[in-house]
Amino acid sequence: RAKAAGGNRYEHADPEADTRAITRYGLTNSLPTALERGEFFIEYQPLVRLSDGQVHGAEALVRWSHPLRGVLGPDQFIPLAENTGLIVPLGRWVLEEAVRQARDWQFQHIDGRPLRVNVNLSPCQLHHPGLVRDTVEVLKEAGMDPSALCLEVTESALIGADEALLKPLRELADLGVDIALDDFGTGYSNLSNLRRMPLSTLKLDRSFTRGMQHNPADPVDIKIVEGIVSLAHTLDLAVTVEGVETGIQAEHLRVLGCDTAQGWYYARPGPPEQLHELVLVDAT
Ligand code: C2E
Ligand code: MG
Ligand code: MG
Ligand code: MG
């Protein structure tokens, strides 16, 4: 129903208000046991190559099926999970699930083309000493090549990033895991810092996609996106755009040289079967 209404059920403009609501509704009490009770699940949103429209992977987005409150989006409980420390086991669970899912896609796939999976990392996970070991273990257990995994970290998580924070990311990148800078353009990243980070992808925030809504697109946004794409490509980084809701936006962004797109225009986040269908249709 929410989908038919055209709204994103999980969209919340004010995360702090959400956090207050969580406390009010007493979610704090039910969060710690939610993981053992199997109340979390993952939706996958396809990542589409703009040059040929092929699906080449998907981002894993966690949801909480609360027994009383219904399905909650990450903005409604990730902040709480971060404050309570649950984010570390929850994050590991998401990683395990997503990597296992990617393995299944790989084997059930018509042409064996490996589909990649993107997993979001919260700042707490970055600070956790077990990150590299856990990730290596999860990949090994699933028998997956590290290159099938992309970890997304937000710009704000890396603000003032010192070597201690960059080291685990660098180790993962050296193993072949891709690192993407999520919501790029919303934080205050020092552009020259991009060189120090072991990144392979910039994910342009949805706010830039909005300026591509019209024909012609907003001239200032065009210049900005052009500049970012050129900077990214100079640094050997791919550019993914988020929040593509219309064909007009997709076309503008393709012409501007963006590599990959994600958004409702292609597919909403959905169950893993959705990806099967998209890819199988694609391959025929
Ligand atoms: P994000 O990583 O930037 O994910 C993209 C968000 O944009 C998702 O919201 C997705 O549903 C939404 N979206 C996708 N396409 C469109 C579109 O065309 N239009 C609009 N308006 N929105 C679109 P979602 O699923 O609510 O996730 C919100 C944030 O929660 C994510 O932002 C990510 O930062 C965080 N998150 C999600 N899953 C996890 C997780 O497993 N661990 C951690 N630490 N954070 C997560
Ligand atoms: Mg993300
Ligand atoms: Mg993002
Ligand atoms: Mg975003």
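The values are calculated or read from the model by the stated rules, or taken from the named source; none is laboratory data. Predicted model, so just to flag it, every value in this text is computed and none were measured. Quick reminder, even Gly has a Cβ in these numbers, built from the backbone with ideal geometry, and neighbours come from all protein chains shown. Accessible surface is based on the protein model in full, side chains and every heavy atom, while ligands, DNA and RNA are left aside. Shrake-Rupley method; radii C 1.70, N 1.55, O 1.52, S 1.80 Å.
Summed over the range 206-241, the residues that are surrounded by fewer than 21 Cβ atoms within 10 Å (Cβ to Cβ), within 16 Å of ligand 4 (Cβ to nearest atom) and within 20 Å of the chain's Cα centre (by Cα) give a count of 3.
A search for C-beta distances below 6 Å between a residue of the range 206-227 that is farther than 15 Å from T246 by Cα and any residue that is more than 16 Å from ligand 1 (Cβ to nearest atom) and part of a loop (DSSP other than H, G, I, E, B), counting only pairs 6+ apart in sequence or on different chains, returns V225/L256; E226/L256.
Applying the set (1) out of contact with any Phe, Trp or Tyr (no Cβ under 7 Å at 6 or more places or on another chain); (2) over 26 Å from T246 (Cβ atoms) to L61 leaves exactly one unmet item: (2). Any residue in the range 195-205 that is assigned to a helix (DSSP H, G or I) and surrounded by fewer than 16 Cβ atoms within 10 Å (Cβ to Cβ)? Within the range 195-205 (the criterion being assigned to a helix (DSSP H, G or I) and surrounded by fewer than 16 Cβ atoms within 10 Å (Cβ to Cβ)), the answer is yes, since at least one residue qualifies.
So that you can scan it fast, the table gives a plain yes or no per residue for (1) assigned to a loop (DSSP other than H, G, I, E, B); (2) within 16 Å of ligand 4 (Cβ to nearest atom); (3) closer than 19 Å to A58 by Cα; (4) not aliphatic (A, V, I, L, M):
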{"position": "P89", "(1), (2), (3), (4)": "no, no, no, yes"}
{"position": "Q101", "(1), (2), (3), (4)": "no, no, yes, yes"}
{"position": "P114", "(1), (2), (3), (4)": "yes, no, yes, yes"}
{"position": "V117", "(1), (2), (3), (4)": "no, no, yes, no"}
{"position": "P129", "(1), (2), (3), (4)": "yes, no, no, yes"}
{"position": "L139", "(1), (2), (3), (4)": "no, no, yes, no"}
{"position": "A157", "(1), (2), (3), (4)": "no, yes, no, no"}
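In this structure, is G270 farther than 23 Å from R100 by Cβ, small (G, A, S), modelled with pLDDT of 95 or more and open to solvent by less than 60 Å² (accessible area, probe 1.4 Å)? So G270 does not fit the description; no.
Of all residues in the range 164-186, none satisfies being touching a Gly at 6+ places or on another chain (Cβ under 8 Å), farther than 19 Å from A102 by Cβ, open to solvent by 80 Å² or more (accessible area, probe 1.4 Å) and more than 16 Å from ligand 4 (Cβ to nearest atom). Put simply, of G257, G247 the only residue that is within 16 Å of ligand 1 (Cβ to nearest atom) and either open to solvent by 10 Å² or more (accessible area, probe 1.4 Å) or at pLDDT below 95 (or both) is G247.
Look at the range 177-193: where a residue is among the hydroxyl-bearing types (S, T, Y) and within 12 Å of ligand 1 (Cβ to nearest atom) and a partner is open to solvent by 40 Å² or more (accessible area, probe 1.4 Å) and modelled with pLDDT under 85, sitting 6+ places away or on another chain with Cβ atoms under 8 Å, you get T186/S156.
Return yes or no: is R196 among the basic types (K, R), away from ligand 4 (no atom under 16 Å from the Cβ) and closer than 24 Å to R103 by Cα? Against the criterion (among the basic types (K, R), away from ligand 4 (no atom under 16 Å from the Cβ) and closer than 24 Å to R103 by Cα), R196 does not qualify. Whenever a residue of the range 85-99 is within 15 Å of P123 (Cβ to Cβ), its partners that are polar (S, T, N, Q) and open to solvent by less than 60 Å² (accessible area, probe 1.4 Å), lying with C-beta atoms within less than 6 angstrom and at least six residues away or across chains, give the pairs I87/S122; G91/Q125.
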